Structures are given as structure tokens and as C-alpha cells.
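What follows is a set of notes on a single structure, which appears directly below.
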Amino acid sequence: MSCLKLIMVLIATLILSIPGLGLTEETKGEDSEVIKLEEITVRSKRGIDHAKVPAVVESLTAEDIKKMNVVGVEDVVKYQPALYVRKLGQAATNAPLLIRGASSRMTPRVLVLADDLLLSNFLAGGHSYGPRWPLVAPEEIERIDVIYGPYSALYSGNALAGALIMTTKFPEDTHLSVKTTGIYENYKLYQSDFDLYGYNLHASYGDQFGKWGLFVIADQLYYEEQPITFYNRLESKLGAAVGNSVSGGEWDQDRHEESRFVYGSAGPTEKLSNLFKVKLAYDVDADTDVKFTWAYWEQDRDANDPETYLTDSSGNKVYSGTVDTDRGSFNIKDSQFGYREQDYQDFTYALAFKRTPLNALKLWVSANFYQSVEDLSKQSSDPPPNSKNGGEGTVTDTDKGWYTFDFKTSPTPFELPGFARHTLTAGYHYDRFYYDSEKWNASDWKNDVRTTLNQATEGKTQTHAIFLQDEWDLTDMFSIYLGGRYEWWKAFDGNKSLDEAGARVTADLADRKEDYLSPKFAVTFKPADNWSVRLSAAWAYRFPTIGELFQEKISAGGILSKSNPDLKSEKGFSKDLTFLKNLESGGQVRLSFYEELVEDVIWSQTDYLTLITNYQNMDEVRTRGIEFAFNKEGFLLDNLDLSYSVAFTDSKVVRNDAVPDSEGKQFLRVPKWRTKLLVSYYPVEDFTWTVGGRYASRGYNDIDNSDTQGGYGGVDDYLVFDTKISYEFLNNWTASLAVDNLTDEVYFVSHPYARRTWFAELKYDY
């Protein structure tokens, strides 16, 4: 906290020390007010200047978002080219975003920002560490820009696959929005059959008071998520009969086509999330503003309905012990069908200063602090149903968070003698992440009565970076981008503890330090106003996270992740060749060819029998791809909009000394084909009908591609359709009906995705 306070003071000092920022009589005139209001309008809609980014950029505006079925912010980008959001259900924090050749476990390869607020959770990698999507409400989004690849020096090595930049809005006059959404899903899989319900309540208010702007948001989301963990035993692991016959359960095949017996699930999970957010803005003058953001987010997760398919001869449910199937016996651990409760309370604070005069020095300064004031996970160890209200178990208490500081400056574009215009940008970045977790044995898990320490892990990471880039317009047709980013990283204070004979024993782990220079280059040729060709190349280095180095943790699904303090940093070299044509009547056509060569790839493999995940380095992975993207307003008909993309990705293991059989094989969970289609039709005024489709070819969960079958634990191909109908009436009201997974597709990317889900929404905007 002391570092955060110091940063805040530095920003305030900077604001007060720059000449001309004070409120003088000259700034109070009528003309100045007109200029200020115009600046607000431009600022809220600006986003990223595509012409100045040396990479592919795909964008969405608030108007685009209105057409889609959006409950959480993560829904917004699911139709963008070559993107994948692993969202199993609503109210998800484990919904990582992946771009191009990154697999769904490589969450630290994608950077997600909302204005100056870091949403990416770089404490660890994997499904449980997706961006903090709930900190942004869909209603506050003005624009989203997705940057493909690590080609900009402005972003860290965590943008190895790309970055998603959200621009949120401040109302320019009085704004009031109220929304209610009802959700329903019937979920069936194996012998599970649940009717699942949810709702979303949203209210926001904003206004301008002279030079001050205010935006207040309250949002509540309740959802019953389908079971995602199913308990099973391979037939080859069964023993001789013991005389304890049970009925129920069913046989199927795992991803290796081995026969297995599925005997239950972890049951549905109830999730209740609340977001409270306040944003303040002050326009110092027409070119300068200060913003402050405060947000509080909480979520309660209860998995209190574990489901066994087994019953004994008397009809009683069987949750533990050795049981006989028709093909042999196996033992069910007492803790297998455990109850789980998780409570989260997170705060974030952000302060940003921006000065962007047209022909003078530009400055951007921001600080962000994110803290989990409560991260408590409780789990029973005894079998149901008696353990529901207490008894032996474990309690995991975690303190975690991060803080960041960014400074960026750009002088007025200038010309050197004999050369065309240059635009220089330079800056500094700092971040620190911390994690301290203790898992305790408990005599009463429900009421948090702790006894002895089970295990504890702790660690920190820190990065300093400086960057410089030059956007050099050689002629009206040619431009060159040159950039570089130097990063100093260290991991420190890592340790692991456990209890031995009533005493805490701690083993310290060695500190780590690394530093790298990441050069960036691009050249753009514009043969005509609406045509461009760009070749980009960049190096990027993704440092290991605390979780990958130091942390051992059991997820809500019961998967143990084991860390590796000797992990190397990922080292990537990427190239992109893009042809782009802007259509005169609104739209764009893009064709991109790219290659990514990454050494020391950090990957993890989960054994779904032992439920253990291990982190290690893979020597080299090469990804080559082709993307075609087309979007057009008024496609064939004036009242028909279309967006279509197809992406081919060939991601291969080039070298893997740890598992030689994997060399030449397709990389984990990266499908070769992804295609997406989104069509919006406006048959009459105020009526919108949108249909979307998403296809992905099958992938692999094993690095040697030995998993030849999909289903639970495997990776399926899938074709999923969504639809939404909206009608605006009485000026301010909108009613919508939407369906996700319209054809009720059953598909898995290791875990099962939601079945057909219905949404009914009523919204009032003023």
C-alpha cells in the first residue's frame, strides 16, 4: 500500500506542477466550455488508432455489442477472428482469452486492459486465472480493440499472443440504465439432469457536472453452473469383487478409448456476484483530464450438491467405500464427493492523468492497485450427507494482488532534415504481483475451525520496463515502425511451508532474475487510400508467474497444480504479413499470414486420473497460420450486416526433449480450424435479429496426441449457433430474447460446456 500511495502522490504532484493546468479565468469563458465538451466526445470514442499500431487490430463498438447476447464482458469477443474464450457458464472468472496459437492454459500470454486498469490475472497460469472480467460491466464499454501478436513496444511480454484493450465511456449528459435478465438451462449429461436458473440485475447512472464527470454502476449476477467435474475409474484399474454390489453409473470411453466407469459428479455450483463501481473524471482543460476508478467485486460460490449415481441394495446413495461394479471393484475416497464453498472480495483502485494537446508534449500517467481482501476456500473431507454442515475438511486462505505504474510521453510529431515525419513515444512500466496462501486442516470446515497447517506457499514477482518507439512516415505511401522494450524481471520471497510435529517448517526457494530486450519492427505500404500491406516482426519474452514457480493449489474441481521453481521464460519471435482493404460503404477485408516461434514454452499437463497438473518447459513450438476476415454493413441488403472469419492454425511441437514422442505433433488444445459468422438483420425499424455461429475443429489434450477421442477429458470439434431478437419501444425500452447453443450441442474442451441456454431481458435507457 505504501508504494501505491507514493505513486498516487507522484501523479498528483505531476498534475499540479505542469504549467497551464490551473483553472484560470481564461479557461472559464464560453468558448472554452465548447472546446471542452467537444474533447469529451472525442475522448470517449477514440480507442486505438489502427494506422499507428504495427499489428492486426479488430475492433467492436458499443453499437456492435448491442446486437449480441452479452451477459459478461467476455461474451463480447467470442465472434472475433482466431479468438477463443473458455467460458463454461455465466459468472465466470475462469474464462481465459486466447489469441491465435495460444492454448487455453496459456493465460499469461494475453494482456487485457480496461482503460488504464489491468484486468489480466498474472498471478498464475491456467483456467482459474482468467481476466477479472466482472470488474467491467458491458453497459460501460465504448469500444474494444483486439491487437494480434506482440508487435507493439507499448505492451509487455504478456502480450506474446496479443492484447485486448477496452475503452469505457463517461456519459456526456444525464444517463440512467436499468436492466434485468432471466437465465434458464436444462443440463443433461451421463445420469445428471438439472434445471438451472440465473438472473442479472444492472443499474448505472452517469452525468456531467461542469468539468466533473461521474459514472456509478451496480450489478448483480446469480447463476447455477452445470457440473464440470465427473468422477470415473478406468476398467483396467478395477480389482476383484468384494461383495458390495451397487447399481447406477454408466460405462463409456475416455479420450484414449479406454473403457471407464462414470459414477458421479461434483454437482452444480451456485454463484452470486456483486459489482459496485464508481468512476470520477475531471477535465482540467480541453487537452487534459484526470480519472479515478474504484471498484468492489465479490462472489460466493457454493458446490453443495455433489451427486453420486450409485445406490446400494437398500436404495441408499453411496458416497464412499469399496464398491463392486459388474466388471470389478474400486474404492471411493471419503473426500471424493466433498462440499465446497468459496468466498471472494476484491477491491481495485486506479488513478490516471492524460494530457494530449495537438501540437505539444503528450503525457499519460496511471497507477493501479488490485487487492483480494478475502479469498477463502473451504472443503469437506468426510462423505456426504453428514459432512454438509461441518466436520473434518480443509480451509485455504489466500492474500493476493498486484499494483502497476505506467508513464508514457510523446512529443509533437517532428521532421528531421531530409526525412519525413517522426512520432516518438517513450515510457516506463512497473508491476508487482504477490501471493500468500495457507491451506489448513480443519476440524469443522463449515465454520472455519482450523487445526494444523497442511501446506503454505508464498511468492512475489516484479518487472521494470522502459520502451521507445518511432512511427516514421517516409512518404504518403510508406511508413516504418521501430520499437524496443527492455524488461528487468525478478521472482523473489518464494517459499513453501508445512507442519511437522506441530511446528511450521519452511523451505525458501531461490530468487530469480532475468532481463531481455524485445525489438519490434514493421513496414507499411499503402498503394491507395483504402489499401494497405504491412509486414511486422517482433521478439517478446513471457516471464513465469508466481503460481508456475512457487504455488501449489487445488482448484474448485479438485485438480492439484504443482509448481516448478526452475521454469525458464518463454522466448517468442513472431512475424505477420497482412493485406487490408477498407470498403467504401462500410466494412473491411483482411488476409493475414503469420508465424510464431516460441522457445522454452511453459506448458502443463493434467492427469485426469490422479487430478495432478505439472508445469514444465517445452523446447520449441512453431505456429503458422492464415486468417481471412470480412465484415460488411449492408451486405447484399441495406438492412443486413455480416461478419465472417476463418482461421487456419498449424501449431507443431518442433522439439521436446522431455517427451520426444510429441515432436511433430499438434500442440495442446490449438484446433487447426476456427470459423465464425455473425449476421444481423433489421426487417423493420427498432427490430434486430442476430444469428451467430462458431466452429472449431478437434484438438488434443495430450502433448503426444495419443488422445484420439473427445468427450469428457478430451477436446471435441464443435459447431454452435446463438441467436438474439431485440425490439426497442417507447423510445427508451428494449426487450430481448436470446438463446446460446441453439441446437443443444454437447461438446467438451476437457470439461463440458453449457447446453442450450435461454435469456430474456428487459432494459430501460435514458
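The values are calculated or read from the model by the stated rules, or taken from the named source; none is laboratory data. All values derive from a computational prediction rather than experimental measurement. Neighbour counts are summed over all protein chains in view; Cβ atoms, including those assigned to glycine, are modelled from backbone coordinates with ideal geometry.
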Any idea which of Ser236, Ser204 is within 26 Å of the chain's Cα centre (by Cα), farther than 27 Å from Thr545 by Cβ and small (Gly, Ala, Ser)?
Ser204
Yes/no for Thr61 being exposed (fewer than 15 other Cβ atoms within 10 Å of the Cβ), of a type in the set (Val, Ile, Thr) and modelled with pLDDT of 90 or more:
yes
In the range 318-334, anything under 23 Å from Thr394 (Cβ atoms) and either in a strand (DSSP E or B) or among the basic types (Lys, Arg) (or both) is listed as Gly321, Asn331, Ile332, Lys333
In the range 224-236, residue surrounded by the fewest Cβ atoms within 10 Å (Cβ to Cβ) [restricted to those that are touching a Ser or Thr at 6+ places or on another chain (Cβ under 8 Å) and assigned to a strand (DSSP E or B)]:
Leu234
I'd like the residue in the range 695-724 that is β-branched (Val, Ile, Thr) and under 30 Å from Tyr681 (Cβ atoms) and, out of all such residues, is surrounded by the fewest Cβ atoms within 10 Å (Cβ to Cβ).
Thr723
Inside the range 271-286, can you point out the residues that are in contact with an Asp or Glu (Cβ under 9 Å, 6 or more places away or on another chain) and either polar (S, T, N, Q) or crowded, with 19+ Cβ neighbours inside 10 Å (or both)?
Lys271, Ser273, Asn274, Leu275, Lys277, Lys279, Ala281, Asp283, Asp285, Ala286
Only one of (1) out of contact with any Asp or Glu (no Cβ under 6 Å at 6 or more places or on another chain); (2) of a type outside the set (S, T, N, Q); (3) modelled with pLDDT under 95; (4) buried (at least 16 other Cβ atoms within 10 Å of the Cβ) fails for Tyr615. Which number is that?
(1)
Among Phe635, Phe630, which is outside any strand (DSSP E or B) and either crowded, with 20+ Cβ neighbours inside 10 Å or among the hydrophobic types (A, V, I, L, M, F, W, C) (or both)?
Phe635
Expected output for the range 725-741 (first residue surrounded by 14 or more Cβ atoms within 10 Å (Cβ to Cβ), partner among the acidic types (Asp, Glu) and not in a strand (DSSP E or B), Cβ below 9 Å, 6+ apart or cross-chain) is Ser726/Asp686; Tyr727/Asp686; Glu728/Glu685; Glu728/Asp686; Thr734/Asp686; Asp740/Asp75
Suppose we filter Phe369, Phe347 for residues that are touching a residue at least 60 places away in the same chain (Cβ under 8 Å) and either among the charged types (D, E, K, R) or out of contact with any His (no Cβ under 7 Å at 6 or more places or on another chain) (or both); which single one remains?
Phe369
In the range 208-223, how many are in contact (Cβ under 8 Å) with a residue 60 or more places away in the chain and either at positive phi or not in a loop (DSSP other than H, G, I, E, B) (or both)?
11
I'm trying to understand the selection: among the residues of the range 615-627, which are out of contact with any Phe, Trp or Tyr (no Cβ under 6 Å at 6 or more places or on another chain) and touching a residue at least 60 places away in the same chain (Cβ under 8 Å)?
Tyr615, Thr623, Glu627
Restricting attention to the range 638-663, the residues that are under 30 Å from Pro683 (Cα atoms) and either part of a strand (DSSP E or B) or of a type in the set (A, V, I, L, M, F, W, C) (or both) number exactly 7
Inspect all residues belonging to the range 477-485 and state whether any of them is surrounded by fewer than 16 Cβ atoms within 10 Å (Cβ to Cβ), at pLDDT 90 or above and within 30 Å of Ser380 (Cβ to Cβ).
no
The condition of being surrounded by 17 or more Cβ atoms within 10 Å (Cβ to Cβ) and within 30 Å of Leu280 (Cα to Cα) holds, among Ala367, Ala360, only for Ala367
Filter the range 656-692 for residues that are farther than 28 Å from Gly587 by Cβ, surrounded by fewer than 15 Cβ atoms within 10 Å (Cβ to Cβ) and of a type outside the set (A, V, I, L, M); which is nearest to the chain's Cα centre (by Cα)?
Gly664
For the range 372-423: of the residues being basic (Lys, Arg) and surrounded by fewer than 19 Cβ atoms within 10 Å (Cβ to Cβ), which is nearest to Arg132 (Cα to Cα)?
Lys408
